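Contents: one structure, followed by commentary.
The values are calculated or read from the model by the stated rules, or taken from the named source; none is laboratory data. Keep in mind the model is a prediction, meaning the values are calculated, not measured. Counting neighbours? That spans all protein chains shown, and the Cβs are built from the backbone with ideal geometry, glycine included.
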Amino acid sequence: MKAMTRADALRYSRQIQLQDFDIEGQATLFESHTVIVGLGGLGCAAAQYLVAAGVGHVTLIDDDCVEESNLPRQVLHNEQRLGQRKVESAALSLVNFNSRCQIKTVSQRLADPDLVPILAKADVVLDCTDNLPTRLQLNRLCYQHRIPLVIGAAIRLEGHIVCVNGSLKSTCYACISRLFHEPELSCSESGVMSPVVGIIGATQALEAIKLVTGYGSSPINQLHHYDGLRSEWRQFQVEANPHCRVCA
(Lines give C-alpha, C1' and ligand atoms only; values in the text may rest on other atoms or scores of the structure.)
Protein backbone atom coordinates (compact mmCIF):
# COMPACT_ATOMS: atom_id res chain seq x y z
CA MET A 1 0.00 0.00 0.00
CA LYS A 2 1.01 3.62 -0.51
CA ALA A 3 2.85 5.05 2.49
CA MET A 4 0.82 7.69 4.32
CA THR A 5 2.61 11.03 4.22
CA ARG A 6 2.15 13.90 6.66
CA ALA A 7 0.37 15.85 3.91
CA ASP A 8 -1.99 12.91 3.34
CA ALA A 9 -2.71 12.64 7.06
CA LEU A 10 -3.64 16.32 7.21
CA ARG A 11 -5.71 16.29 4.03
CA TYR A 12 -7.76 13.22 4.93
CA SER A 13 -7.72 13.72 8.70
CA ARG A 14 -11.50 13.90 9.03
CA GLN A 15 -11.87 10.48 7.40
CA ILE A 16 -8.92 8.97 9.27
CA GLN A 17 -10.52 10.04 12.56
CA LEU A 18 -13.52 7.82 11.91
CA GLN A 19 -13.62 4.80 14.19
CA ASP A 20 -12.65 1.56 12.41
CA PHE A 21 -11.72 3.43 9.21
CA ASP A 22 -8.49 5.22 10.24
CA ILE A 23 -5.20 5.06 8.30
CA GLU A 24 -5.75 1.55 6.92
CA GLY A 25 -9.04 2.52 5.32
CA GLN A 26 -7.54 5.62 3.75
CA ALA A 27 -4.54 3.70 2.45
CA THR A 28 -6.90 1.16 0.86
CA LEU A 29 -8.72 4.01 -0.90
CA PHE A 30 -5.41 5.30 -2.26
CA GLU A 31 -4.78 1.94 -3.92
CA SER A 32 -8.32 1.31 -5.13
CA HIS A 33 -9.66 1.48 -8.68
CA THR A 34 -13.25 2.55 -9.35
CA VAL A 35 -15.05 2.33 -12.70
CA ILE A 36 -17.93 4.78 -13.16
CA VAL A 37 -20.25 4.14 -16.09
CA GLY A 38 -22.35 7.19 -16.95
CA LEU A 39 -21.27 10.79 -16.33
CA GLY A 40 -24.70 12.35 -16.08
CA GLY A 41 -26.25 13.53 -12.84
CA LEU A 42 -25.52 10.39 -10.83
CA GLY A 43 -22.01 9.91 -12.17
CA CYS A 44 -21.03 13.54 -11.63
CA ALA A 45 -22.16 13.46 -8.01
CA ALA A 46 -20.55 10.10 -7.26
CA ALA A 47 -17.28 10.87 -9.04
CA GLN A 48 -16.58 14.13 -7.25
CA TYR A 49 -16.96 12.57 -3.81
CA LEU A 50 -14.90 9.49 -4.66
CA VAL A 51 -12.04 11.51 -6.12
CA ALA A 52 -12.14 14.05 -3.29
CA ALA A 53 -12.17 11.21 -0.73
CA GLY A 54 -8.86 9.90 -2.08
CA VAL A 55 -9.68 7.04 -4.46
CA GLY A 56 -6.44 6.51 -6.36
CA HIS A 57 -7.64 5.35 -9.79
CA VAL A 58 -10.88 6.15 -11.60
CA THR A 59 -12.06 5.10 -15.06
CA LEU A 60 -14.92 7.12 -16.55
CA ILE A 61 -17.10 5.60 -19.31
CA ASP A 62 -19.74 7.53 -21.27
CA ASP A 63 -20.39 8.04 -24.98
CA ASP A 64 -22.49 11.20 -24.65
CA CYS A 65 -21.72 14.92 -25.03
CA VAL A 66 -22.64 17.82 -22.76
CA GLU A 67 -25.95 19.51 -23.59
CA GLU A 68 -27.51 22.61 -22.06
CA SER A 69 -30.33 20.61 -20.48
CA ASN A 70 -27.70 18.63 -18.54
CA LEU A 71 -26.31 21.60 -16.64
CA PRO A 72 -28.87 21.91 -13.79
CA ARG A 73 -27.96 18.49 -12.37
CA GLN A 74 -24.66 17.34 -13.95
CA VAL A 75 -22.40 19.42 -11.78
CA LEU A 76 -19.00 18.54 -13.28
CA HIS A 77 -19.97 20.17 -16.59
CA ASN A 78 -20.42 23.87 -17.37
CA GLU A 79 -21.50 26.28 -20.10
CA GLN A 80 -18.03 26.47 -21.62
CA ARG A 81 -18.04 22.71 -22.28
CA LEU A 82 -21.26 22.38 -24.25
CA GLY A 83 -20.71 19.83 -27.01
CA GLN A 84 -17.66 18.34 -25.30
CA ARG A 85 -17.50 14.67 -24.42
CA LYS A 86 -18.87 14.16 -20.91
CA VAL A 87 -15.92 12.02 -19.82
CA GLU A 88 -13.47 14.72 -20.91
CA SER A 89 -15.45 17.48 -19.21
CA ALA A 90 -15.76 15.45 -16.02
CA ALA A 91 -12.07 14.62 -15.97
CA LEU A 92 -11.15 18.31 -16.25
CA SER A 93 -13.26 19.11 -13.19
CA LEU A 94 -12.12 16.11 -11.18
CA VAL A 95 -8.44 16.99 -11.55
CA ASN A 96 -9.22 20.18 -9.65
CA PHE A 97 -10.61 18.12 -6.76
CA ASN A 98 -7.56 15.85 -6.53
CA SER A 99 -4.64 16.14 -8.94
CA ARG A 100 -3.11 12.93 -7.56
CA CYS A 101 -6.00 10.76 -8.69
CA GLN A 102 -5.24 8.87 -11.90
CA ILE A 103 -8.19 9.33 -14.24
CA LYS A 104 -8.79 7.41 -17.46
CA THR A 105 -11.64 8.09 -19.88
CA VAL A 106 -13.54 5.95 -22.38
CA SER A 107 -15.85 7.92 -24.68
CA GLN A 108 -17.77 5.08 -26.29
CA ARG A 109 -20.33 2.46 -25.41
CA LEU A 110 -18.58 -0.90 -25.11
CA ALA A 111 -19.64 -4.42 -25.99
CA ASP A 112 -18.76 -7.26 -23.62
CA PRO A 113 -15.33 -8.16 -25.08
CA ASP A 114 -14.06 -4.59 -24.66
CA LEU A 115 -15.81 -3.87 -21.38
CA VAL A 116 -14.72 -6.96 -19.43
CA PRO A 117 -10.97 -6.11 -19.34
CA ILE A 118 -11.79 -2.67 -17.91
CA LEU A 119 -14.20 -4.00 -15.29
CA ALA A 120 -11.77 -6.75 -14.30
CA LYS A 121 -9.29 -4.14 -13.02
CA ALA A 122 -11.86 -2.50 -10.76
CA ASP A 123 -12.36 -2.95 -7.04
CA VAL A 124 -15.89 -1.59 -7.44
CA VAL A 125 -18.09 -0.49 -10.35
CA LEU A 126 -20.75 2.23 -10.21
CA ASP A 127 -23.68 2.04 -12.59
CA CYS A 128 -24.75 5.65 -13.06
CA THR A 129 -26.47 5.09 -16.39
CA ASP A 130 -30.02 5.96 -17.38
CA ASN A 131 -30.94 2.93 -19.47
CA LEU A 132 -31.91 -0.61 -18.54
CA PRO A 133 -29.91 -2.53 -21.22
CA THR A 134 -26.59 -1.10 -20.01
CA ARG A 135 -27.59 -1.67 -16.40
CA LEU A 136 -28.38 -5.31 -17.08
CA GLN A 137 -25.10 -5.68 -19.01
CA LEU A 138 -23.10 -4.36 -16.06
CA ASN A 139 -25.10 -6.51 -13.65
CA ARG A 140 -24.38 -9.64 -15.68
CA LEU A 141 -20.66 -8.99 -16.22
CA CYS A 142 -19.93 -7.81 -12.69
CA TYR A 143 -21.77 -10.76 -11.18
CA GLN A 144 -19.97 -13.19 -13.48
CA HIS A 145 -16.56 -11.76 -12.58
CA ARG A 146 -17.35 -11.19 -8.87
CA ILE A 147 -16.88 -7.41 -9.00
CA PRO A 148 -18.96 -5.40 -6.49
CA LEU A 149 -21.50 -3.21 -8.31
CA VAL A 150 -23.35 -0.19 -6.91
CA ILE A 151 -26.44 0.67 -8.95
CA GLY A 152 -28.21 4.00 -8.70
CA ALA A 153 -31.28 5.36 -10.47
CA ALA A 154 -33.22 8.61 -10.20
CA ILE A 155 -36.36 9.95 -11.86
CA ARG A 156 -38.79 12.72 -10.95
CA LEU A 157 -38.38 13.10 -7.14
CA GLU A 158 -37.40 9.54 -6.33
CA GLY A 159 -34.49 7.18 -6.69
CA HIS A 160 -33.05 3.91 -5.49
CA ILE A 161 -29.79 2.19 -4.59
CA VAL A 162 -28.89 -1.48 -5.02
CA CYS A 163 -25.58 -3.22 -4.23
CA VAL A 164 -24.79 -6.43 -6.12
CA ASN A 165 -21.93 -8.68 -5.06
CA GLY A 166 -21.41 -11.99 -6.82
CA SER A 167 -18.74 -13.00 -4.29
CA LEU A 168 -21.48 -13.04 -1.64
CA LYS A 169 -24.01 -14.76 -3.94
CA SER A 170 -26.28 -11.75 -3.56
CA THR A 171 -29.51 -11.04 -5.34
CA CYS A 172 -28.71 -9.43 -8.69
CA TYR A 173 -30.39 -6.52 -10.45
CA ALA A 174 -32.11 -8.83 -12.94
CA CYS A 175 -34.03 -10.31 -10.00
CA ILE A 176 -34.96 -6.87 -8.75
CA SER A 177 -35.88 -5.26 -12.08
CA ARG A 178 -38.40 -8.00 -12.86
CA LEU A 179 -40.46 -6.66 -9.95
CA PHE A 180 -40.85 -3.26 -11.62
CA HIS A 181 -44.14 -3.01 -13.43
CA GLU A 182 -43.54 0.51 -14.71
CA PRO A 183 -42.04 0.81 -18.21
CA GLU A 184 -38.49 2.13 -18.51
CA LEU A 185 -38.54 5.91 -18.07
CA SER A 186 -36.04 8.64 -18.82
CA CYS A 187 -35.46 12.08 -17.34
CA SER A 188 -36.17 13.66 -20.72
CA GLU A 189 -39.66 12.12 -20.69
CA SER A 190 -40.55 12.30 -17.00
CA GLY A 191 -38.32 15.01 -15.56
CA VAL A 192 -36.14 14.95 -12.47
CA MET A 193 -35.46 17.33 -9.61
CA SER A 194 -31.76 18.23 -9.67
CA PRO A 195 -30.82 17.56 -6.01
CA VAL A 196 -32.30 14.05 -6.19
CA VAL A 197 -29.52 12.83 -8.48
CA GLY A 198 -27.01 14.38 -6.08
CA ILE A 199 -28.49 12.47 -3.14
CA ILE A 200 -28.46 9.15 -5.00
CA GLY A 201 -25.03 9.70 -6.57
CA ALA A 202 -23.46 10.70 -3.25
CA THR A 203 -24.99 7.61 -1.65
CA GLN A 204 -23.46 5.47 -4.42
CA ALA A 205 -20.07 6.99 -3.60
CA LEU A 206 -20.50 6.16 0.08
CA GLU A 207 -21.46 2.56 -0.67
CA ALA A 208 -18.47 2.22 -3.04
CA ILE A 209 -16.09 3.43 -0.32
CA LYS A 210 -17.61 0.99 2.18
CA LEU A 211 -17.34 -1.94 -0.23
CA VAL A 212 -13.73 -1.18 -1.15
CA THR A 213 -12.56 -0.74 2.45
CA GLY A 214 -14.85 -3.24 4.17
CA TYR A 215 -16.23 -0.44 6.32
CA GLY A 216 -19.74 -0.82 7.68
CA SER A 217 -22.44 -2.78 5.86
CA SER A 218 -24.03 -2.33 2.44
CA PRO A 219 -27.57 -2.92 1.13
CA ILE A 220 -26.96 -6.45 -0.19
CA ASN A 221 -30.20 -8.28 -1.11
CA GLN A 222 -32.03 -5.01 -0.58
CA LEU A 223 -33.43 -2.09 -2.51
CA HIS A 224 -33.18 1.28 -0.79
CA HIS A 225 -35.78 3.67 -2.18
CA TYR A 226 -35.69 7.43 -1.71
CA ASP A 227 -38.87 9.52 -1.89
CA GLY A 228 -37.79 13.13 -2.22
CA LEU A 229 -41.32 14.48 -2.07
CA ARG A 230 -41.72 13.13 1.46
CA SER A 231 -38.00 13.07 2.37
CA GLU A 232 -38.21 9.37 3.21
CA TRP A 233 -35.93 6.38 2.72
CA ARG A 234 -37.57 2.95 2.58
CA GLN A 235 -35.82 -0.40 2.60
CA PHE A 236 -37.10 -3.51 0.82
CA GLN A 237 -35.71 -7.01 1.20
CA VAL A 238 -35.50 -8.75 -2.19
CA GLU A 239 -35.16 -12.50 -2.68
CA ALA A 240 -33.30 -13.93 -5.64
CA ASN A 241 -35.25 -15.41 -8.53
CA PRO A 242 -34.45 -19.17 -8.42
CA HIS A 243 -34.62 -19.20 -12.24
CA CYS A 244 -32.45 -16.11 -12.82
CA ARG A 245 -29.95 -16.61 -15.64
CA VAL A 246 -27.45 -14.36 -13.89
CA CYS A 247 -27.34 -15.31 -10.22
CA ALA A 248 -29.29 -18.58 -9.82
Item to complete: Quick one: count up the residues across the range 143-190 that are farther than 21 Å from R234 by Cα, of a type in the set (A, V, I, L, M, F, W, C) and modelled with pLDDT of 95 or more.
Response: 1
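With A3, A7 as the choices, which residue is more than 15 Å from the chain's Cα centre (by Cα), within 30 Å of N78 (Cβ to Cβ) and of a type in the set (A, V, I, L, M, F, W, C)? Quick ask: steps written out before the conclusion?
Values: A3 fails: within 30 Å of N78 (Cβ to Cβ).
Every option except A7 fails the conditions.
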Worksheet item: Name the pairs: first residue in the range 53-67 and on the phi < 0 side of the Ramachandran plot and without any contact (Cβ under 8 Å) to a residue 40 or more places away in the chain, second residue small (G, A, S) and in a loop (DSSP other than H, G, I, E, B), Cβ to Cβ under 7 Å, at least 6 apart or on different chains?
Response: C65/G83; V66/G83
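Inspect all residues belonging to the range 108-122 and state whether any of them is among the polar types (S, T, N, Q), modelled with pLDDT of 95 or more and over 17 Å from the mean Cα position of the chain (by Cα). Steps first, answer last, please.
Step one: of the range 108-122, the residues among the polar types (S, T, N, Q) are 108.
Retained after the next criterion (residues that are modelled with pLDDT of 95 or more): 108.
Filter once more, keeping what is over 17 Å from the mean Cα position of the chain (by Cα): 108.
Scanning the range 108-122, I find at least one residue that is among the polar types (S, T, N, Q), modelled with pLDDT of 95 or more and over 17 Å from the mean Cα position of the chain (by Cα), so the answer is yes.
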Discussion item. Being touching a residue at least 24 places away in the same chain (Cβ under 8 Å) and in a helix (DSSP H, G or I) is true for just one of R109, R135. Which residue is that?
Written reply: R135
Fill in: Unmet criterion (only one of (1) crowded, with 16+ Cβ neighbours inside 10 Å; (2) within 19 Å of the chain's Cα centre (by Cα)) for G216
(1)
